Structures are given as C-alpha cells and as structure tokens.
Amino acid sequence: MFKFLCKFFGVKNKAEEESQENLMKKFLIIGLGNIGDKYENTRHNIGFKILDYLAEKEEVKFSTDKLGDVASFKFKGRTFVLLKPSTFMNLSGKAVKFWMTKEKVQLENILVLTDDLNLPFGTLRLKTKGSDGGHNGLKDIQKVLNTSNYNRLRFGISDAFAKGRQVDYVLGEWTDEEDSKLDERLDMCMQIIKSFGTGGVNNTMNTFNGK
C-alpha cells in the first residue's frame, strides 16, 4: 500500500533514489575498432588499444559477451563499463545501443573513443557533440542513437597519406616513431576517461583538451 501511495503521489522511496543515484554513477566507455588479429595494431583500432591499456592498468579482464568484449572496474565510487564492439566498425551503433540498454547507462554517460584523421598524431580532443567527420563508426552510432549529441574522445592519427590511400593508411600499422609515443598518449587517455566519470565532461575538456 505504501509503495502504491508513493507512486500515486510521485514520491520516491529511499531505495528508488539510491538506485537512480547509482545509475548516474555508471559510465559506458566504447572503444571503436575491428575485431581480428590483422587489425590489432592498426590506427583505426586506437579505441580498442586505449581500452586494452586501461584494462591492464586496472587489472581487469575482458570477457566475450553479446555484440562485444566487456570489462568493468570501479574508481572513486563510479563504475566504468568498457566495451569493444564485435560488430566491426561500420555497425558499432548496434553494440552501443544494446549495452546502453543492458547497463541502463544514460546518453550523457557514454564516451566513444575514436581515431581522427583531421588531428595531428597523438592530439586528444574531447567533445560533447559533432559530425561523424566521415568516420563510419561514428556515422552508425549517430544513426542508431538518432543523435549526434554524445561524448566522444578523438585521438589524432594525422593525414599523412597519399591521395587515394586513406583506407590503406587507417588500416595500416603505427610507424616506429608513433609506436614509441603511444604509451604516454594512452596514459593521458586513461586520465581523461577517469576524469570524465568523476569530474564531468566540461571540467575534463577544460583540463585536458589541447594537451
């Protein structure tokens, strides 16, 4: 009877309030990439690489689940769910939508990690919205979610390719020089992800964009 009256008068009981608060503290971090060994060290798979680095530092393992490999960890009272979609890049939206629903993560609490040809190598740019920039993974996420207003962290891979060789470039592996600088950039990505969950997207943009 008490629950009925609370519902009727729009009053939330303590358990419901705590449940809602816990959901607000859950974040879905999606790394974009393609599955398979041949793609593992390619520029287009930087989203996977960031999550692999983060999972290693947090000492958690990915397990294969529906539409992706998933891991999770807690940090400062927040839960971070890490997702590497197994749908291939062009169908990333399907996995994102499924895991948002499964984990009950709100749109403002997702963060998509992606490569960006328009930024110099290693440049990191956190944004709350924007176009897909010709990126097929972002394009599909926008289509499935029916919005371009979602958080994304862009990792610059530069545009150092000859005309007509874009596909070969993004699916190519890092140069030795790039590879030597990756760990420092991956560590910065880890800091950004944790800050996103604990300090909010605006504070994180002000702190990290341009570094």
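Since every read-out is calculated from the coordinates, none of them should be taken as a lab result. Since we're looking at a predicted model, the values are computed, not measured. With ideal geometry, Cβ positions are generated from the backbone for all residues, glycine too; neighbour counts draw on all protein chains shown.
The table below gives the values:
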item: Fraction of beta bridges assigned by DSSP in the chain that are antiparallel (%, nearest 5); result: 50
item: Surrounding net charge for VAL112, when Lys and Arg each add one and Asp and Glu each subtract one, Cβ distance under 13 Å; result: +3
item: Highest-MSF residue in the chain out of SER92, SER180, SER195 [GNM, Cα springs under 10 Å]; result: SER180
item: Over 20 Å (Cα to Cα) - which of LYS26/LYS181; LYS49/LYS129; LYS74/LYS104; LYS38/LYS163 fall in this group; result: LYS26/LYS181; LYS49/LYS129; LYS38/LYS163
item: Segment LEU171-GLU59, extension gain: residue separation times 0.36 nm, minus the distance between their alpha carbons; result: 37.5 nm
item: Extension gain from THR101 to GLU178, taking 0.36 nm per residue of separation minus the Cα-Cα distance; result: 24.0 nm
item: Nearby aspartates and glutamates by direct alpha-carbon distance to LYS211 (threshold 14 angstrom, same-chain neighbours under 8 apart not counted); result: GLU184, ASP187
item: GNM top mover of THR175, THR87, THR147 - the chain, alpha-carbon springs below 10 Å; result: THR175
item: Paramagnetic reach from ASN149 (point 7 Å along Cα→Cβ, amide N under 17 Å) across segment 115-141; result: 127-132
item: Relative contact order (%) - segment 18-208, alpha-carbon pairs under 8 angstrom, separation at least six; result: 25
item: Rounded FRET efficiency, nearest 0.05, which uses the C-beta distance separating LEU23 from ASN118 and R0 of 41 Å; result: 0.75
item: Angle in degrees between helix 92-103 and the longest Cα principal axis of the chain, rounded to the nearest 10; result: 30
item: Most mobile listed residue (GLY77, GLY31, GLY122) in the chain, GNM with C-alpha springs under 10 Å; result: GLY77
item: Computed FRET value (nearest 0.05) for LYS129 with ASP159, which takes r as the C-beta separation and R₀ as 25 Å; result: 0.65
item: Listed candidates (i) 84, 39, 32; (ii) 74, 37, 28; (iii) 70, 31, 30 - label of the one calculated as Cα extents along the principal axes in Å; result: (iii)
